[in-house]
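Colleague: Structure provided below as structure tokens; questions to follow.
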């Protein structure tokens, strides 16, 4: 996971209503179309311009509010390699790992819009190649590391027949 | 060993002492999903090779969010859920019955249980001292499949509420004030435990706002003790046998404690677009804010007690020209009781309208989507940008009394001006 990607900057308190607006609930059966609206109400240029391998970078409490699991699903499908935030809302955090989207709790202060980033998940290390900032982050709890490594919760349960705690 | 309420519930379930931060595997007593989270949960169950529930009595599906169906997509998703429930022998709670959280409270949740729901406001069940928490569709599906889930034992934040509520101030105002104080991420990953002499005097429906909105501070769960008021409520619901006393130890160590003297509070209003932007109703930021729509209802304040308060203000009056009033009871039980008491007559004669039980206008998919630039004042629990279907609209949150008083004037109004 050391490839570089661009930072897309977001504020504190990005709700799942901003990530996946309720007015698009009729698109649930049409994911390619729904993905075109990812994070639209937070910033409308993200979904149209994000490139595979880019990073969503935010402040505190990313993913607050509704438990709609399609919020991390469409961020993953939009091409983002990971979400980096100072803190996450707990349901979003759990959902992200369950759908195989890396959610990384790390101090994002100093990372600027468009910076070139790389993340080493196993080593717990983020590097901003544009301004030289390097940050460490705590590894996920073991159960979440396993779920993410297996590609998500369904794959985890299929592989082990149960939670492998 | 002294334990907080969440520690007691978890320790009892897993059969050993627990400490905050520990990961535990726990059996789950009840699991549910609704029409937005259910279809994906069903897909995930099927992809697990699901071939029937070991305990179908623990599993339920509710059709409450787009209810009755508002689009062809939602109609087909309802159909998928109805067919799945019938095929596998689990209870379906169909359109017109009401909001999952209200029905869990009325009929199913019991003290000491662990309840997983595919909705963030599942934490409402904490009003009956159940560790009820919201999860996504996949976690919900896996809990249905295995009958257990993993949890991180949360730290506890204790909120000690004392003092008599002043005229025009309600439990909703207390909760808005607490969230305004700790912030919308102030309880993330934690358990909010609500105690104190004021809370002891409140009925279960009055208390329900607190655990319901715990997730608006980021909490995993919000818990009230199971006490005499719990017994009264369960008895009134014909469920006296479900009562068991349960409370956290008052001196158990906790991560945070806040004391609130309710007698010092004024009615609160949360400003757009965040629940923690709570100010007093007399604050200049809300004085004379024009209200285009008032929405009474939801799992936060759609109970009979809430409509009694609102109609006490509305009865015999007319809502302001240019203001719409939409009321949606939280359940069929509330709907029928309001009918017997003539509450809907008061709302309709005042110029409002009454919808069938369910989530109504709150999720932004039906019956009350806002126009661009419009302001809505609502009893609901969250006011995020786009929540009611239009990111160009503005949502303010308040108690049923503040909402009703404001419907009459067309601007955000201090209910103490009209409440006797």
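Colleague: Quick one: in region B:72-107, of everything that is within 18 Å of residue B:40 (Cβ to Cβ) and touching a residue at least 60 places away in the same chain (Cβ under 8 Å), which residue is nearest to the other protein chains (Cβ to nearest Cβ)?
Modeller: So the residue we want is B:74.
Colleague: Consider region A:120-153. How many of its residues are touching a residue at least 40 places away in the same chain (Cβ under 8 Å) and within 14 Å of another protein chain (Cβ to nearest Cβ)?
Modeller: Counting residues in region A:120-153 that are touching a residue at least 40 places away in the same chain (Cβ under 8 Å) and within 14 Å of another protein chain (Cβ to nearest Cβ) gives 7.
Colleague: Another question about this same structure. If we only count helices (runs of 4 or more DSSP H) wholly inside region B:67-153, which ones have 3 or more residues that are out of contact with any helix residue (DSSP H, G or I) (no Cβ under 9 Å at 6 or more places or on another chain)?
Modeller: B:72-88
Colleague: Can you run down the residue pairs with Cβ atoms below 6 Å, 6 or more apart or on separate chains, where the first is in region B:194-221 and away from every other protein chain (no Cβ under 12 Å) and the partner is surrounded by fewer than 24 Cβ atoms within 10 Å (Cβ to Cβ) and part of a loop (DSSP other than H, G, I, E, B)?
Modeller: Close Cβ pairs (under 6 Å, with a partner that is surrounded by fewer than 24 Cβ atoms within 10 Å (Cβ to Cβ) and part of a loop (DSSP other than H, G, I, E, B)) amount to B:198/B:163.
Colleague: Regarding residue B:214, is this residue under 18 Å from the mean Cα position of the chain (by Cα) and either buried (at least 19 other Cβ atoms within 10 Å of the Cβ) or farther than 14 Å from residue B:158 by Cβ (or both)?
Modeller: yes
Colleague: Can I ask one more? For region A:18-46, what are the residues that are part of a helix (DSSP H, G or I) and either modelled with pLDDT under 95 or over 13 Å from residue A:68 (Cβ atoms) (or both)?
Modeller: Result: A:22, A:23, A:24, A:25, A:26, A:27, A:31, A:32, A:33, A:35, A:46.
Colleague: Are there any helices (runs of 4 or more DSSP H) wholly within region B:179-231 with 1 or more residues that are farther than 18 Å from residue B:102 by Cα and touching a strand residue (DSSP E or B) at 6+ places or on another chain (Cβ under 9 Å), and if so which?
Modeller: By residue number, B:197-201.
Listed here are the residues, each with its yes/no results for (1) at negative phi; (2) within 10 Å of chain A (Cβ to nearest Cβ).
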position: B:4; (1), (2): yes, no
position: B:7; (1), (2): yes, no
position: B:12; (1), (2): yes, no
position: B:15; (1), (2): no, no
position: B:18; (1), (2): yes, no
position: B:32; (1), (2): yes, no
position: B:40; (1), (2): yes, yes
position: B:44; (1), (2): yes, yes
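Colleague: Within the set of pairs 6+ apart or on separate chains, which have a first residue in region A:2-27 that is within 13 Å of another protein chain (Cβ to nearest Cβ), a second that is in a loop (DSSP other than H, G, I, E, B) and surrounded by fewer than 17 Cβ atoms within 10 Å (Cβ to Cβ), and C-beta atoms under 6 Å apart?
Modeller: A:26/B:71
A quick yes/no check of all residues on (1) touching a residue at least 24 places away in the same chain (Cβ under 8 Å); (2) within 27 Å of the chain's Cα centre (by Cα); (3) over 18 Å from residue B:189 (Cβ atoms); (4) not in a helix (DSSP H, G or I):
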{"position": "B:2", "(1), (2), (3), (4)": "yes, no, yes, yes"}
{"position": "B:7", "(1), (2), (3), (4)": "yes, yes, no, no"}
{"position": "B:13", "(1), (2), (3), (4)": "yes, yes, yes, no"}
{"position": "B:16", "(1), (2), (3), (4)": "no, no, yes, yes"}
{"position": "B:19", "(1), (2), (3), (4)": "yes, no, no, yes"}
{"position": "B:41", "(1), (2), (3), (4)": "yes, yes, yes, no"}
{"position": "B:44", "(1), (2), (3), (4)": "yes, yes, yes, no"}
{"position": "B:51", "(1), (2), (3), (4)": "no, no, yes, yes"}
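Colleague: How many of the residues in region A:84-95 are at the interface with another protein chain (Cβ under 9 Å from one of its Cβ atoms) and buried (at least 24 other Cβ atoms within 10 Å of the Cβ)?
Modeller: 7
Colleague: Next question, about the same structure. Is at least one residue of region A:65-76 surrounded by fewer than 24 Cβ atoms within 10 Å (Cβ to Cβ) and either within 14 Å of the chain's Cα centre (by Cα) or at pLDDT below 95 (or both)?
Modeller: Within region A:65-76, one or more residues are surrounded by fewer than 24 Cβ atoms within 10 Å (Cβ to Cβ) and either within 14 Å of the chain's Cα centre (by Cα) or at pLDDT below 95 (or both).
Colleague: Among the strands (runs of 3 or more DSSP E) contained in region B:301-420, which hold 2 or more residues that are more than 14 Å from chain A (Cβ to nearest Cβ)?
Modeller: Answer list for region B:301-420: B:324-328, B:375-378.
Colleague: What are the residues in region B:49-71 that are modelled with pLDDT of 95 or more and at the interface with chain A (Cβ under 10 Å from one of its Cβ atoms), if any?
Modeller: Selection gives B:65, B:66.
Colleague: Go through region A:152-161 and give me each residue that's at positive phi and either more than 16 Å from the chain's Cα centre (by Cα) or at pLDDT below 95 (or both).
Modeller: A:161
To keep it simple, each residue is scored yes or no on (1) surrounded by 17 or more Cβ atoms within 10 Å (Cβ to Cβ); (2) more than 30 Å from residue B:237 (Cα to Cα).
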site: B:260; (1), (2): yes, yes
site: B:276; (1), (2): yes, yes
site: B:285; (1), (2): no, yes
site: B:297; (1), (2): yes, no
site: B:313; (1), (2): yes, no
site: B:324; (1), (2): yes, yes
site: B:328; (1), (2): yes, no
site: B:331; (1), (2): yes, no
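Colleague: Would you mind telling me which numbered condition in (1) more than 23 Å from residue A:99 (Cβ to Cβ); (2) crowded, with 24+ Cβ neighbours inside 10 Å; (3) within 14 Å of chain A (Cβ to nearest Cβ) residue B:153 fails?
Modeller: For residue B:153, the exception is condition (2).
The values are calculated or read from the model by the stated rules, or taken from the named source; none is laboratory data. This structure is a prediction, so every number in the text was calculated from the model and none was measured. Please note: Cβ atoms are built from the backbone with ideal geometry, for glycine as well, and neighbour counts cover all protein chains shown.
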